[in-house]
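*Asks:* Pasting in a structure now, in structure tokens, and then I'll have a few things to ask.
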Amino acid sequence: MLKKIEPHCKIGMGNCSGAHHFARQLQACGFQVRLIAPQFVKPYVKSNKNDANNAEAICEAMSRPSMRFVAVKTIEQRDIQAAHLIRAGLIEQRTAKANQIRRRIAEYGLIAPKALLMQYRAG
């Protein structure tokens, strides 16, 4: 049987995918939610990583007065972050493809510059 959780309770969660969504939902119900970055939880994991040990480590980390928490992001902030991450991924893929092409044409004696030439259209 589930116990009723009082709204004034603090809830600690690892900052993983979906954590901000659930944190916003819990905050709407009146809970105080704290997100902890995984690198700050790791020192408190006592043995093999599993859900139970991870939950225990999060509880231990929550009790530390000097613990740093991650701010719960709004949907708009997450959208901006997603756009930046997608753009960074596309740039990485473009650079990898340019390097691959440069290697292939070098087999024919053609040497291409390392810098990618960018063309921008005005307006």
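*Asks:* Does Ala82 satisfy the condition of being closer than 17 Å to Ala19 by Cβ and at pLDDT 90 or above?
*Replies:* So Ala82 fits the description; yes.
*Asks:* So, one more: What is the residue count in segment 92-109 for residues that are surrounded by 11 or more Cβ atoms within 10 Å (Cβ to Cβ) and either closer than 30 Å to His20 by Cβ or in contact with an Asp or Glu (Cβ under 8 Å, 6 or more places away or on another chain) (or both)?
*Replies:* 2
*Asks:* Continuing with this model, one more query. Which residue is nearest to Met67 (Cα to Cα), if the candidates are limited to segment 19-42 and must be free of Cβ contacts under 8 Å to residues at least 12 places away in the same chain and within 14 Å of the chain's Cα centre (by Cα)?
*Replies:* Among residues in segment 19-42 that are free of Cβ contacts under 8 Å to residues at least 12 places away in the same chain and within 14 Å of the chain's Cα centre (by Cα), the one nearest to Met67 (Cα to Cα) is Gln39.
*Asks:* Which of (1) touching a residue at least 40 places away in the same chain (Cβ under 8 Å); (2) basic (Lys, Arg); (3) part of a loop (DSSP other than H, G, I, E, B) does Arg68 not meet, given it meets every other one?
*Replies:* Answer for Arg68: the failing condition is (1).
The values are calculated or read from the model by the stated rules, or taken from the named source; none is laboratory data. All values derive from a computational prediction rather than experimental measurement. As a convention, Cβ positions derive from the backbone with ideal geometry for all residues, glycine included, and neighbour counts pool all protein chains shown.
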